[in-house]
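Chemist: Handing you a structure now.
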Amino acid sequence: METTVNGEQRVLATDLALALITEIKRDHPEILFHQSGGCCDGSSPMCYPAHEFMIGDSDVKLGEIGGVPVYISASQFEAWKHTQLIIDVVPGRGGMFSLDNGREKRFLTRSRLFGGGEACAVPDVKVSAV
């Protein structure tokens, strides 16, 4: 699966997200993201120690942000395949099992349709393709 669509990355991160990733990596050097499909924590980007989360055969790698791989389930990818995900940070508590929990800020997924359409409002934030 390609990690770009028409030259655009499938997943990006804001500078705030990259800063939180750097903070978390000081405590947990090897991490990964999995876009949650719902349940207890809703649909949110969950950050886990890489050795504690098993990627499934049907999970799809969207790309990397800050050197950290980002995955999504195949069924959720099918619904979101025309959407660019933008990992951001907002005040609040992270998902129950996510490494952002307890830091009084949490990861949040924003999105936009490839080709310029907005799937939801993306605030005026600086986005990095790194």
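The values are calculated or read from the model by the stated rules, or taken from the named source; none is laboratory data. Just so we're clear, the structure is a prediction, and the values are computed from it rather than from any experiment. Because the Cβ atoms are built from the backbone with ideal geometry, glycine has one as well, and the counts that use them run over all protein chains shown. Only protein heavy atoms, including side chains, enter the accessible area calculation; ligands, DNA and RNA are left aside. Shrake-Rupley method; radii C 1.70, N 1.55, O 1.52, S 1.80 Å.
Chemist: Given a 1.4 angstrom probe, what's the average accessible area per residue across region 21-92, in square angstrom?
Modeler: Working: 3500 Å² over 72 residues.
In whole numbers, region 21-92 has 49 Å² accessible per residue.
Chemist: Quick check: pseudo-label points 7 Å beyond the Cα along Cα→Cβ at Phe97 and Glu8, how many nm apart are they?
Modeler: 3.2 nm
Chemist: Which values, in whole Å and largest first, are the semi-axes of the equivalent ellipsoid of region 1-107 obtained as the square root of 5 times each eigenvalue of the Cα gyration tensor? Could the numbers behind the result be given before it?
Modeler: On the way: eigenvalues 86, 46, 37 Å².
They are 21, 15, 14 Å, listed largest first.
Chemist: Rounded, prolate or oblate: which one fits region 75-118, using the alpha carbon gyration tensor with axes a ≥ b ≥ c (rounded when a/c is under 1.5, else prolate when a/b beats b/c, else oblate)?
Modeler: Oblate shape, in that a/c is at least 1.5 and b/c is the bigger or equal ratio.
Chemist: Report the label-to-label distance for Leu113 and Glu78 in nanometres (one decimal), using points 7 Å from each Cα along the Cα→Cβ vector.
Modeler: Using points 7 Å along Cα→Cβ, the separation is 2.1 nm.
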